1. Report the full-extension gain for the segment THR72 to ARG113: residue separation times 0.36 nm, less the Cα-Cα distance, to one decimal in nm.
2. Could you please put TYR33, TYR116, TYR96 in sequence from largest to smallest accessible area, using a 1.4 Å probe?
3. Which number gives the lysine pairs in the chain that have C-alpha atoms under 23 Å apart and are eight or more places apart or on different chains?
4. Give me the Debye-computed log₁₀ of I(q)/I(0) at q = 0.09, 0.14, 0.16, 0.18 Å⁻¹ for the chain, equal point scatterers on Cα only, no solvent, two decimals.
5. Calculated from DSSP H runs of 4 or more alone, at -39500 (n - 2.57) each and per residue, what is the 222 nm mean residue ellipticity of the chain, nearest 500?
6. So what are the ³J(HN,Hα) numbers for the stretch 129-134, from phi and the Karplus equation (6.51, -1.76, 1.60; θ = phi - 60°), rounded to whole Hz, Gly and Pro as x?
7. Per 0.36 nm of contour for each residue apart, how much would the distance between ASP27 and SER102 grow if the chain were fully extended, relative to their Cα-Cα spacing?
8. Normalised by the number of residues in the chain, what is the relative contact order in percent for Cα pairs under 8 Å and 6+ residues apart?
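The values are calculated or read from the model by the stated rules, or taken from the named source; none is laboratory data. Because the structure is a prediction, the values reported are computed rather than measured. Ligands, DNA and RNA are stripped out before the accessible areas are found, and what is left, the full protein with its side chains, is counted by its heavy atoms. Shrake-Rupley method; radii C 1.70, N 1.55, O 1.52, S 1.80 Å.
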Amino acid sequence: MKTIAITALLCASVVAISQAADWSSYDNARFGYRIDIPPGFSAVAEAANGDGGVSQSDNGHTELRVWGGYLTEGDFEAEVRWRIDQDVADGWNVTYQKQHSSWASWSGAKRERIFYERAIPACDGAVVYFRLEYKKSQLKAFDPVVARLVKSLRSRMC
């Protein structure tokens, strides 16, 4: 019974996070993209090369990575296929993938973890990404957070 109450409380707090007005944003100068950062997450700790960085939830159980990079596989579609193949090679069971010429999303699970990744093409042969990784037990609770992240990820117009 105690576990059910704790799970319900966690779910309610994550839903509240997704709807809160005090989301912050991260703007990346190198690749020209922006994304909203949920309340209760740290500011993005940017990498030395300026491509993006990492933000973590206050409790350290959830990680949001954001970054940009240049195409290495020829085109956007091939780049996404390569990234999905890398996830599979790393032991993730990719259970969802959808691709369009202007975006791609995929997600999967490994042990007690879930990830959701989104990619969009950017200027000058670049791609920008976010990847949210969290506990499998919080899948439904993080759906609205993922939806907000997907909506907020934007690249400047070329």
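1. Numbers: separation 41, 0.36 × 41 = 14.76 nm, distance 2.80 nm.
Taking THR72 through ARG113 to full extension adds about 12.0 nm, to one decimal.
2. The residues order as TYR96, TYR116, TYR33, largest area first.
3. So the count of such lysine pairs works out to 14.
4. Once normalised to I(0) and log-transformed, intensities are -0.29, -0.70, -0.91, -1.14.
5. After summing the helix terms and dividing by residue count, I get -9500 deg cm²/dmol.
6. So the J values, rounded to whole Hz, are 9, 9, 9, 9, 10, 8.
7. Values: separation 75, 0.36 × 75 = 27.00 nm, distance 1.99 nm.
Stretched out fully, the ASP27 to SER102 stretch lengthens by 25.0 nm.
8. Relative contact order, the chain: 24 percent.
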